[in-house]
Amino acid sequence: MSSQQDDLKETDTEARFEFKKEEKSAFQTEKGLTEETVRVISEDKDEPEWMLERRLRALEQFQEMPMPTDWPGQPDLSEVDVDEIIPYIRPDVDVRAGVDDWTELPDNIKDTFDKLGIPEAEKNALSGVGAQYESEVVYQNMQERWEEKGVVFCNMDEAVQEHEELVREHFMTKCVPPSDNKFAALHGAIWSGGSFVYVPENTTVDMPVQAYFRMNSEGMGQFEHTLIIAEEGSEVHYIEGCSAPKYSKFNLHCGGVEVFVDEDAHVQYSTVQNWSKNTYNLNTKRAIAEKGGRMEWISGSMGSKATMLYPSTILKGRGASDNHITIAFAGEGQDIDTGAKVYHNAPDTKSTVESKSIAKDGGRTNYRGLVHIADGAENSSTAVECDALMFDNESTSDTMPYMEINESKVDVAHEATVGKIGDEDIFYLQSRGLDDDDAKQMIVSGFIEPITEELPIEYAVELNRLVELEMEGSLG
Amino acid sequence: MSTQAIESLSEDTVRRIADERDEPEWLLETRLNALAALETADLPDVIQTPGRRWTDLEALDFEALVDPLNQSDATERTAGDDEVVVLPFTEAFDEYGDVIEANFGSVLDPEHNYLTALSVALFTTGTFVYVPEGVDVEDVTVRAEMNSRSLFSQTLVVAEESSSVTILESIESGDSEVDGDRYFSNLVEIAAGENANVQFGSLQNLDDDSYTYSLKRGVTDAYATVDWIESNFGSKLTRSDVETELEGDGSESQIVGTFFGTEDQHFDINARIWHRAEHTTADLVTRGVLDDVARSVYEGVQDVGEDAWNTSSYQRENTLMLSDDAEADASPKLIIHNHDTEASHSATVGQVDAEDLFYLESRTIGPRTARNMLVEGFFVPVLEEIAVDEFRDDVEELVLQRLQ
């Protein structure tokens, strides 16, 4: 265990994220988005007719919906021109549904993921890993013992073929319909890759399942779809990591995540996002929790130029619960607009949101959250806590919570604080022989600790490392 | 994007109002400009979340509500001291024309939105309060009754350097012959000079056929204080905005709000502070109770500008639900551009604590009385912020009335 930790610490995170590979793709759709593009994507994936129909319907909705511009203080999306991005690039791999053995991968892709440290992590801790390079999942593995129990972890494209009925029932129907927002519609039209996780009744997957997404081409869009179905009494922890090197143009990440938490099931979804600072990160993530189900969202948003991401949970069954933990870190030129959305639609439901944000060097963070308690959701309780830390006067830190309470027998609390790094704290640490930078780093690590301690060790280490890099300003 | 044209309104209407009141030319200009602005002005911003519009102002039928030439009110003004001027505008133009002209519309732009423009174009009542340098008065009261279909009121407070004043205003429905819906519009602007101290209490208790729009804004010079107490009990629908721009170094503002909604009342309560200078302090405290199918909407904004070094800003909002069918929406916002800031906000929604009730009942207090005691107790932290006894008594009495 300890050697693994050391290993991860040793890895030069900076080098892991900065390198880029020469692009060489087998297939590239024309720039821009037309019905033709959608048909080509679908045909190339050999999809059933219903999926093509869903894509085309989503495309229509995307074209009808206006760009969201009327949210108070929202990030500037004027640069996001969907016609400019290449929505679908399949890397140069013969095996469409991914390969099962790491050694079968082409060298350049393998090298990329090696640098990211994925295979080591898999060997040591994780029960399955899916890695997505551009739009396709290139590597997917599930430890045998989980397969025997009927646990499925595969590429979403493969799931459309192999688990058609499940996918057809759950894919962008009840949870995230394409009509939800303009970018969900875009996602519905040109989604590609992603993960499908199915956990049968009363099965506990006691090691995390992990996926890693990476964009390598300039002007790229990544549109992976993740669908998690946790049957009654099951338990699973899914982790996704995202990164992309830097290019001069903008990238767009527009993923979709749908999680179905059945009765008494427990799903934890953790993300550490470190997209390059030209990426627009516009995701739609949502879970539906049935009676007694428990959903946990843990997100660290470090990268991207602009992020608009509000993981949401619909507490549909009595006694369902939700737990959100988020960290946002905005440095120079970054606008991280993130938060949580919880709908209490049944009695005895509970939710907690814990948000920590750090703004530095002119970055902007915003907590934008909504808690809705429906009429009849008796004895529901919700507690939202937002803390923000600011480093300098060029940065901005906003908090915009919305609470809608239609039921009287509830307990609702929202709290937020904003502060600067305390001079006294820094002075104290300096008096103990730390220099200014180390002192600040230590204070920030302490500030986000309540969140890092919820993460599996290798992610906590990575997150801490990323924060350190941000603090050094070396990831400019 | 025009809201809706009111056909009965014309330049002629505005000129008649100004003529009857024998107003100076500049004010007629201001009114006519406001009237012209109606073409393009929007209704006040209302929070909208997916599937839910917090207050629907567009549903108001201004054509039916606005009857500009038949406005009528009975207003009683007391100054409590000769040194302070408390007059209706019409009586103040002769002597204080210059002060009024210099300050009118300087704090609150008449063309801020559709409803402010409408109000400035048509106002027929209101008060001018002028507190000269160094004067200290405590008992300025303005008690108004509304007796017509619509009433537009405009108040201007000018507090000069190192002056201090406490102003209480109240509005109720008089015995009018008018049936059906009514509309009351109340704009208040306060210009607080250096080291001036203004406390402005407002109590709205109109009957339940009324719609109320109220926007109160103050601007502080260095070391000045503007404190607001905003109490809303009446009206079917109330939209209330209380705002302070802290423009001077070391200036302060407190906004205390209370509301108590019963039946199908709807309160849209807004408190906003802009920190624009160094060492400024703000404290926003709002408490409200909702019974029956009443609904409240609250937005609080603490906006700290880039130059607002060493800011302290606090906000609390608490709503107590007495009925299962009541609804409460809240959005306390922080917008921080300067890191040398200490800011916090909190909001809660809950019901009467079951253990507290049980305790009182175990002391042989009946359930109804026990609940009422707890509701009274809920308001105490806010009442304590009200420095003026008379005003506190009024608020307490209205709370008791509602609990009967």
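Below, the figures for the structure above:
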| quantity | calculated |
| --- | --- |
| Unmet requirement for A:GLU224, which otherwise passes all of (1) buried (at least 24 other Cβ atoms within 10 Å of the Cβ); (2) at pLDDT 90 or above; (3) of a type in the set (Asp, Glu) | (2) |
| The stretch A:284-305, residues that are crowded, with 24+ Cβ neighbours inside 10 Å and over 17 Å from A:TYR238 (Cα atoms) | A:MET302, A:GLY303, A:SER304 |
| Any hit, the stretch B:98-105, residues being surrounded by fewer than 20 Cβ atoms within 10 Å (Cβ to Cβ), in contact (Cβ under 8 Å) with a residue 60 or more places away in the chain and not in a helix (DSSP H, G or I) | no |
| Whichever residue in the stretch B:41-60 is in contact (Cβ under 8 Å) with a residue 24 or more places away in the chain and more than 14 Å from every other protein chain (Cβ to nearest Cβ) and, among such residues, is nearest to B:GLY180 (Cα to Cα) | B:LEU60 |
| Options B:ALA59, B:ALA37, B:ALA79; residue that is closer than 30 Å to A:VAL371 by Cβ and under 25 Å from the mean Cα position of the chain (by Cα) | B:ALA59 |
| Which listed residue is in contact with a helix residue (DSSP H, G or I) (Cβ under 8 Å, 6 or more places away or on another chain) and either within 13 Å of another protein chain (Cβ to nearest Cβ) or crowded, with 19+ Cβ neighbours inside 10 Å (or both), from B:LEU374, B:LEU322 | B:LEU322 |
| Counted residues, the stretch A:366-412 - those being among the aromatic types (Phe, Trp, Tyr) and facing another protein chain (nearest Cβ under 8 Å) | 2 |
| Every pair of residues 6+ apart whose Cβ atoms lie under 6 Å, when the first sits in the stretch A:367-379 and is modelled with pLDDT under 95 while the second is part of a strand (DSSP E or B) and surrounded by fewer than 17 Cβ atoms within 10 Å (Cβ to Cβ) | A:LEU370/B:THR49 |
| Any hit, the stretch B:259-269, residues being buried (at least 24 other Cβ atoms within 10 Å of the Cβ) and closer than 30 Å to B:GLY134 by Cα | no |
| In the stretch B:305-319, residue nearest to the other protein chains (Cβ to nearest Cβ) [restricted to those that are over 19 Å from the mean Cα position of the chain (by Cα) and charged (D, E, K, R)] | B:GLU306 |
| Residues satisfying the stated conditions in the stretch A:357-374, i.e. of a type outside the set (Ser, Thr, Tyr), under 24 Å from A:PRO450 (Cβ atoms) and not in a loop (DSSP other than H, G, I, E, B) | A:ILE358, A:ALA359, A:ARG364, A:ASN366, A:ARG368, A:GLY369, A:LEU370, A:VAL371 |
| Matching entry among B:ASP175, B:ASP94, B:ASP139, B:ASP179 (being out of contact with any strand residue (DSSP E or B) (no Cβ under 6 Å at 6 or more places or on another chain) and assigned to a strand (DSSP E or B)) | B:ASP139 |
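The values are calculated or read from the model by the stated rules, or taken from the named source; none is laboratory data. From a predicted model like this one, the values you see are computed outputs, not experimental measurements. So basically every Cβ, Gly included, is an ideal-geometry build from the backbone, and we count neighbours across all protein chains shown.
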